Structure formats: C-alpha cells, structure tokens
1. Quick one: Cα convex hull volume of the range 1-99, Å³ per residue?
2. Which lysines have a Cα lying under 20 Å from the Cα of Lys94, excluding residues fewer than 8 positions away in the same chain?
3. Using a 1.4 Å probe on the protein heavy atoms only, what accessible surface does Val141 show? Give it in Å² to the nearest 10.
4. Antiparallel DSSP bridges in the chain: what percent, to the nearest 5?
5. Measure up Lys44/Lys183; Lys174/Lys268; Lys183/Lys282; Lys282/Lys444 against 29 Å on the Cα-Cα distance and list the ones that go over.
6. Heavy atoms only, probe 1.4 Å: what % of the accessible area of the chain goes to carbon and sulfur, would you let me know?
7. Please compute the per residue accessible area over the range 1-111 with all protein chains in place, 1.4 Å probe, rounded to a whole number of Å².
8. Obtain the nm distance between the two label points defined at Ser245 and Val412 by a simple spin-label model: each point lies 7 Å from its Cα along the Cα-to-C-beta direction.
Amino acid sequence: MSQNILIIDDERNIRRTLDMILSGEGYQVFTCASAQAGLGVLQKERIHLVLLDIVMPEVNGLDVLPELLKVRSDLAVIMISGHGNVQNAVLAIKRGAYDFLEKPLDRDKVLLAISRALQTRKLAAENRHLKQQIEGRYEMVGQSPALSEIRNQIARVAPTNGRVLILGESGTGKELVARAVHKMSHRAKNSFVKVNCAAIPEELIESELFGSDRGAFTGAVKTRDGKFLQADGGTLFLDEIGDMSLSVQAKVLRALEQGEFERVGGAKTFRVDVRVIAATNKNLHAEVEQGKFREDLYFRLNVVPLTAPPLRERREDIPELAEHFLNAYAEENGFLPKALSAEARDLLLQYDWPGNIRELKNLVERLSIMVSGDTIYPEDLPTLDGMSIPKQPDSFPDLGAGKTLRQVREAVERHYIAEALERHKGNVTRASNALGIERTNLHKKIKQYDLER
C-alpha cells in the first residue's frame, strides 16, 4: 500500500524537487503552496506524513503544526526551513513534529527521515491496536444493576489516591475492578503492575515485591527491581493478599505507611509513589481474629472496600458475557464465532455458576472448540465435564381431557413458577431472572397461584 505524503511549502522549486524525489520512490505526493490549502487536502485525503515549511508568507509553519495534528492526531510531520536554528527545532519537536530538516535539503537525509517517521507511525498504530485489544480483554461486560452499582463506586473512588480493597468470590473479576480503578485515575498513563501473592513461593515474595541486590541470596546474579519500584507513579495490584505471609505483611505495611523500602540484601532506601489496590476471596476480618493477617495492615488496605458481585447475582449479564467470550475466542483464533441457541441461553441463565465469570469463560472456550456446528444447543452443555446445569422439568401437572385451554396454560405456568421458586430457594429476584419476567409480575403470579409459602 502506497504512503501518501503532503508537501506544504511556498517555494515552487522545493515542491517540484520533493515531488520528483518522492514520486520516484513510490510515494503518492500532494503539494500545496499555503497552510490553508494543506489543511483542505488533509481533510479530504488519507495523508500519512507532511513535510511542512516553517517560514511562509501568510502564517508560520510552527503555528500550523498543532492545527494539522488536530485534524489527524496520528500524522507524522517533518518540519523544513532555510532559517534553521536550535530554538525552532526544539519548539517544533515540543509541538509534535517528528523531525526537523534544514534547507538546502539533502535527498538521502530527506528519504531517511521520511522512512523513519513512517516506521515510527506504523509502530505507534500497532501499539494502539494492541492496547485496545488488551483493554478489551479486561472490559467489564454487562448492564445489570449489580454491575452498574460497582461501576458507580469505581467512578467515585478512582480519581482519589484512596487505597482500595476488592472483595469477592474467586472468578468474579476482581482484577477487572482493579484495572478499571487504575484506568479512571490520574495514574492511568503510568504502569499497572499485578502481583499474585498466592502464586509466588513465600521465600520469593519479598524479593518479588521489593527487588534484590546482586548476591543477596543463591541465584541472585544481578540486581533487580521489585514490583513496588516498577509501579512507581502508577498502581500496584496485590491479588490474593490474604495468602501473604506475616513477615512480608510487616514490610508491606512499612512501605504503605512511609512510602519507602530496601531491596533484599541492600542498604539503600527507595521512596516510591504507588497506589496500592489489594484483592482477596478470603474473609480478612476473620483472618485477623485468627492471627493469620495483621490487623494494622488490614485497616491500611481497607480504606475503600469494593465487592465484586458473584455471577448468580447478575444473571441478566450472562448472555452478554457468553457472547463476548464467544467473539473474543473466535477473534483470537481466527474463525467465525459460534452462536448460542435460545434454549442453551436459558439453561446458562438457570445455572448458579459457583466458579463465576471464570467458569463461564472456560465453558465458552470449551464449547467453541468441541461443538462442531455453528450453533450451541442444550444437548452440548451437560456433556462437558459433567456440567450439572439444570434441565427443563420432564414432568408436568395433570392435563387430562375436559380442561379448557386457559386451565391448561395456568396449570403449566403454576408448575414452572413453583419449580423456579424451589430451585432458587424462594428468592423472587433470581426466579424472575430465570423465568425471564419482571419481578413485580412474578409477585402477582405467586399471589394468583397461592405460592407464597
């Protein structure tokens, strides 16, 4: 694909010379004698790079540069001038130019600068695409009241520096909550560093967090930074904080209280500016009472508690989540996503998901691999690892002859509502979600069919 280059220069000979050079190299070239005409071309054509003169009769190129970047933020701009000086070059770079070339222009230097600028632009575009893919992977999917509530809580706490403790069952998406807090904070441009405290051996967790000097222990062949230093200016996410040993808890407490620490085996004290977000599926209050978790660290971490809701409390999000995972897995592996039949979707809504979102994601990936057709049906679900998703009831109330259509309909409806209430232990909200009707409507039906008990 040919790259489009726009030349904005009031000198006709410069425009002609650059046009000949660049056209000969395979570039598509557009030329303008004024900044105003150049802005017009930029709005109509897909321009990848601009060669912009600084000194022009109507306006200074340095003043035009921000206007060009407003039209196309990903534009590569190289400034050219016959009155080159260090001050102009520095100002051009500060305002967003990639490079600065002095007249008379050297052919090889021009081509090299253009090649480098276009390559840098390409890498930046690839990085943006990868970042979007990564952010999509950590997107909080759903519109349920439970998810809306935690989104509101995140929006309130994120702009502050308050420490956050994220609670919730395993697989509920606590890391997604932590990343959402970071993304909406003033630290979003800096690092988000995650540490899984349960996955790192106790003897290594201290060096993982604070780093180590060369020779501090066997195998420490070089000095390395820890996660606290890597997260300086950003956010440090301590996942499964309840599994951290008491000795390491003491050092984390000091780092939180004083903002300083030493590497393992080192004497130098480091000061950092880190926002710590912790998460656990344990009851830390009970852990404190049992002497397994430091009370002072618990209070330091538990400034703003957020609870990630289990999937059974946000059932209305299940179809959207399933579709999201189906599409994501298909995109990652380069095939068309499978569809969920309405009956399969209903069964997913009835299951309690003890493993929460993680369990749903794993099931969807398995179905994407194992189901041969384009659509996932109910019979595909129970065959995977003994998946105990409840099936529709096999028995119905007596529908003997002589009953009217209304009586038959009411008998079946009463049976289904009673079965749903029993399955969800009398929880009207969960039963209404499973049945696909409004909660208030279900209350009327319960009263109508005398099912209050």
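1. 90
2. Hits, sequence-local ones excluded: Lys70, Lys189.
3. 10
4. Just about 10 percent of them are antiparallel.
5. Those over the limit are Lys44/Lys183; Lys174/Lys268; Lys282/Lys444.
6. For the chain, the apolar C and S fraction of the accessible surface comes to 48 percent.
7. Heavy-atom SASA per residue in the range 1-111 reads 53 Å².
8. 6.4
The values are calculated or read from the model by the stated rules, or taken from the named source; none is laboratory data. All values reported here derive from a predicted model rather than from experimental measurement. Please note: Cβ atoms are built from the backbone with ideal geometry, for glycine as well, and neighbour counts cover all protein chains shown. All accessible areas refer to the heavy atoms of the entire protein, side chains included, with ligands and DNA or RNA removed. Shrake-Rupley method; radii C 1.70, N 1.55, O 1.52, S 1.80 Å.
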